[in-house]
Amino acid sequence: MDKYIIDERSGWKYELVGDYYLPIGTRFEDADPDVEESSSPETRAAPEKEDAAAQERSAIGRFGRAHADYLKRTQRHVYSQLVAEGKLGTYLAQIDEQANAMLDLLIHQMSKREGVTEQLKATDQMEWARRMNNIRNRAEENVNNDLIYN
């Protein structure tokens, strides 16, 4: 059995680990040129599955993509397990949804606590923008620390 195979349709590179091929997260364009492509039917997905996967990928926002990158870099076994079970897209969509909800809640709570109101926006737009940008940056940092990179 080959150590590496490449799925022609998706461009993903797989590495033989034990008896199974696990994705290693590089696309064919980034892969080694000496690795042969595999055209075996096992590596090809059905068209219906591809459409569902494409829809799932489009539903994943920036927080989900950031978490996926984090898993690829630091917890490769978790990433591979989620891919193998077909749960990666759903998991990342849930993480993205939770992160966006947490971000909205934190921004609302912080702006209320710090007195950043519509009245301030009407009277001093630059001050309101400065404070809201500061609040948004702090809230994003909290979301990243608590959900994305944890």
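Bear in mind that the values in this text are calculations on the coordinates, not laboratory data. Computed from a prediction, not measured in an experiment: that's the story for all the values here. Positions of Cβ are generated from backbone atoms using ideal geometry, with glycine treated the same way; all protein chains shown enter the neighbour counts.
The slack between T123 and D146, meaning 0.36 nm per residue of separation minus the straight C-alpha distance, is 4.8 nm. Taking every alpha-carbon pair under 8 Å whose residues sit at least 6 apart, segment 45-148 reaches a relative contact order of 30 percent.
Treating only the Cβ atoms of Lys and Arg (+1) and Asp and Glu (-1) as charged, compute the dipole magnitude of segment 45-148 about its Cα centre; round to the nearest 20 debye.
On the way: 15 positive and 16 negative charges, 69 e Å.
It works out to roughly 340 debye.
Between the amide H of Y21 and any residue lying 5 or more places away or on another chain, no distance stays under 5 Å, with hydrogens modeled in the peptide plane. Backbone phi angles across segment 125-134, fed through the Karplus curve with coefficients 6.51, -1.76 and 1.60 (θ = phi - 60°), yield HN-Hα couplings of 5, 5, 5, 4, 5, 4, 5, 5, 5, 4 Hz in residue order; Gly and Pro are listed as x. Rounded to the nearest whole Hz, the Karplus-based 3J(HN,Hα) values (6.51 cos²θ - 1.76 cosθ + 1.60, θ = phi - 60°) of segment 103-119 follow the sequence 4, 4, 5, 5, 4, 4, 5, 5, 5, 5, 5, 8, x, 8, 10, 5, 5, with x at glycine and proline. Taken over segment 45-148, the ratio of Cα radius of gyration to 2.2 N^0.38 Å equals 1.41.
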